[in-house]
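For reference, the structure is listed below as structure tokens.
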Amino acid sequence: MPNMKPKIKIKDFNFYYGASQVLKRISMDIQPTHVTAIIGPSGCGKSTLLRCLNRMNDLIPSSRPEGKIEIDGQDINAPSIDVVDLRKRVGMVFQKPNPFPKSIFDNVAYGLRVNGIKDNRLIEKRVEASLKGSALWEEAKDRLKENALNLSGGQQQRLCVARALAIEPEVLLMDEPASALDPIATAKIEELIVELKKKYTIVIVTHNMQQAARISDSTAFLMQGDLVEYGKTSDIFTKPKQKMTEEYITGRFG
Amino acid sequence: MNKRRLKEKLIEWLFFVNGMIAVLVLVGIFILLVRNAFPGFKEVSFWEFLTTSRWNPDAYDKETYGFLAMLASTGMTTIGSLLIAVPLGVGTAAYLSDVASHRVREIAKPLIEILAGIPSVVIGFLGIVLVGPVLAKLTGTYNGLNAINGSILLAVMALPTIVSLSEDALNSVPRSYEEASLALGANKWQTVIKVKIPAAASGIIAACMLGMGRAIGETMTVLMATGNAPDFPQNLLSSVKTMTATIAIELGETAYFSTHFYMLFTVGLVLFIITFFINLISDIIFHKHMKMLK
């Protein structure tokens, strides 16, 4: 792994839903302008870990984090941290495309407006830039006023990426962003991710090991809440250190 | 085997009859209203009924049956009640569904639903002894029995319907919308107002229309609290006599099969048609809402 200053530092991190512990002493450093993939069988905690990075788990009653997650050296679970500010810095794209039932334009503008931007010229500029950034501009520029739900699934997902980009985050979290898409739309999203990592720190949860191998620089393998192995993607997929990792990536289980 | 089949058939048939009874009763009411409404127009012109406002069935020389004053009275109390109940009800629903803690919700929601069970005569009583005197003092009127008093009480009565159904509508909004909004750095209130209420709009409109149906059809409360002056209302402080109150007060004291009797049925028929369409429209909107969310 190249020796950059890590963007995100996770240190001895535990996470509980009520009494059950779903993440066990996770420690890993996530590099900036890098794609980091988290893989593992269903229920291993990979989505939970991702959602800890922008504190989406706050919504779940009786859930509890323990240990440290630092972004740029700042503990994101510290009481002084405003979760709204955190989420502006750490954007998220969900598993199922979830555009609001509003126009394409209003979807992208939403994050700007709730963050108090009123200047319409600035909003228009950012909407255009974000849609270009998510490679949707050419398809959408003539139908910005149309309801976003009229877009195809793949287009909807790229709209959700644009929506996340509009507020200019530093980190982009993606929770199986292509799992509800067909192969062509998936290929487009993957291209997009590779393009986006030039500017953003990307953490992606995926079920699809080929996908992780294709697009990520580092891969973390999680199993039952344990971080089994974490390293360069090329190493994990060609010469895994752990037997369990090897069995998983060769399809012995999972 | 055969016996079981027979039993199945019997049960099926029983439910069919049950279902049909409800439909038959509805049709029966409609026919009864229509049959008793039309003979009145032998003596009274339909035009007079629709376009004049003087309702004076006890006049010494010529009885008049103008319908506009009571239509305006019903309209005024109903719209007044909605102006109070809709913002309050939707706000309460938003609070309960998105802001209140689990405990608060578990206590508050049943309490609000109990409000629906208070007999209308009790609410009317409160109108006379509580709301009336307060209004009289605030506005300098004689007794505070007027349109605004009725509106306040009807708002209280429509509130449980509006809160309960609006909260259901807000809860049926997919969680993914809420997550998307929060992940973009919106706070709870922004999420409710800008994403959830628009997404639940049709359900909330249906809830408000059902509340409106309740307010239009309510009788005892308005009868007790609005003063029942038969004149065309001038403003919200006028004493008014609604369609429902007119029927309730007058039908018991009128001769069967007189013109007055028939004209009261006409008022009832109009009321039936109004509430029927309000319920129908709110039902259609609600089903559209449910379909959209799938």
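The values are calculated or read from the model by the stated rules, or taken from the named source; none is laboratory data. Worth saying up front: this structure is predicted, and the values here are computed from it rather than measured. Note that each Cβ is placed from the backbone with ideal geometry, even for glycine, and that neighbours are counted across all protein chains shown. Quick note on the areas: whole protein, heavy atoms, side chains included, nothing else; ligands and nucleic acids left out. Shrake-Rupley method; radii C 1.70, N 1.55, O 1.52, S 1.80 Å.
Quick notes on this structure:
- Qualifying position, being touching a Pro at 6+ places or on another chain (Cβ under 9 Å) and either open to solvent by less than 20 Å² (accessible area, probe 1.4 Å) or assigned to a loop (DSSP other than H, G, I, E, B) (or both), among B:76, B:70: B:70
- Here the condition is being assigned by TED's automatic domain parsing to the domain that holds residue B:161 and in contact with a helix residue (DSSP H, G or I) (Cβ under 7 Å, 6 or more places away or on another chain); of B:34, B:104, B:99, it holds for B:99 alone.
- Considered as a group, the residues in the range B:91-120 that are surrounded by fewer than 13 Cβ atoms within 10 Å (Cβ to Cβ) and closer than 15 Å to residue B:156 by Cβ include one that is farthest from the other protein chains (Cβ to nearest Cβ), and that residue is B:119.
- Selection status of residue A:90, β-branched (Val, Ile, Thr) and in contact with a helix residue (DSSP H, G or I) (Cβ under 8 Å, 6 or more places away or on another chain): no
- Subset of the range A:54-75 (residues that are in contact (Cβ under 8 Å) with a residue 24 or more places away in the chain, more than 23 Å from residue A:116 (Cα to Cα) and in a loop (DSSP other than H, G, I, E, B)): A:60, A:62, A:72, A:73
- Selection status of residue A:51, open to solvent by 60 Å² or more (accessible area, probe 1.4 Å) and in a helix (DSSP H, G or I): no
- Residue that is least open to solvent (accessible area, probe 1.4 Å) [pool: residues in the range B:122-151 that are hydroxyl-bearing (Ser, Thr, Tyr) and part of a helix (DSSP H, G or I)]: B:151
- Residue in the range A:180-191 that is more than 13 Å from the chain's Cα centre (by Cα) and open to solvent by less than 10 Å² (accessible area, probe 1.4 Å) present: no
- So residue A:78, is it in contact (Cβ under 8 Å) with a residue 12 or more places away in the chain and either out of contact with any Cys (no Cβ under 8 Å at 6 or more places or on another chain) or within 23 Å of residue A:30 (Cα to Cα) (or both): no
- Residues that are assigned to a loop (DSSP other than H, G, I, E, B) and open to solvent by 60 Å² or more (accessible area, probe 1.4 Å), drawn from the range A:141-151: A:141, A:142, A:143, A:145, A:146
- Boolean, residue A:88 is touching a residue at least 60 places away in the same chain (Cβ under 8 Å) and closer than 25 Å to residue A:206 by Cα: yes
- Any chance residue A:222 is buried (at least 19 other Cβ atoms within 10 Å of the Cβ) and not in a helix (DSSP H, G or I): yes
- Set side by side, the residues B:269, B:280 differ, and just one is in a helix (DSSP H, G or I), at negative phi, modelled with pLDDT of 90 or more and open to solvent by 60 Å² or more (accessible area, probe 1.4 Å), which is B:280.
- Of all residues in the range B:152-178, exactly one satisfies the criterion of being among the acidic types (Asp, Glu), open to solvent by 10 Å² or more (accessible area, probe 1.4 Å) and more than 10 Å from every other protein chain (Cβ to nearest Cβ), namely B:168.
- Of the candidates A:132, A:102, the single residue that is open to solvent by 10 Å² or more (accessible area, probe 1.4 Å) and within 11 Å of chain B (Cβ to nearest Cβ) is A:102.
- Residue among A:67, A:40, A:45 that is farther than 24 Å from residue A:161 by Cβ, buried (at least 19 other Cβ atoms within 10 Å of the Cβ) and away from chain B (no Cβ under 14 Å): A:45
- Odd one out for residue B:251 among (1) more than 20 Å from residue B:87 (Cα to Cα); (2) modelled with pLDDT under 90; (3) not small (Gly, Ala, Ser): (2)
- Boolean, residue B:180 is at pLDDT 90 or above, closer than 30 Å to residue A:170 by Cβ and not in a helix (DSSP H, G or I): no
- Checking each residue in the range B:179-198 for being among the hydrophobic types (A, V, I, L, M, F, W, C), open to solvent by less than 10 Å² (accessible area, probe 1.4 Å) and within 20 Å of residue B:168 (Cβ to Cβ) picks out B:192, B:195.
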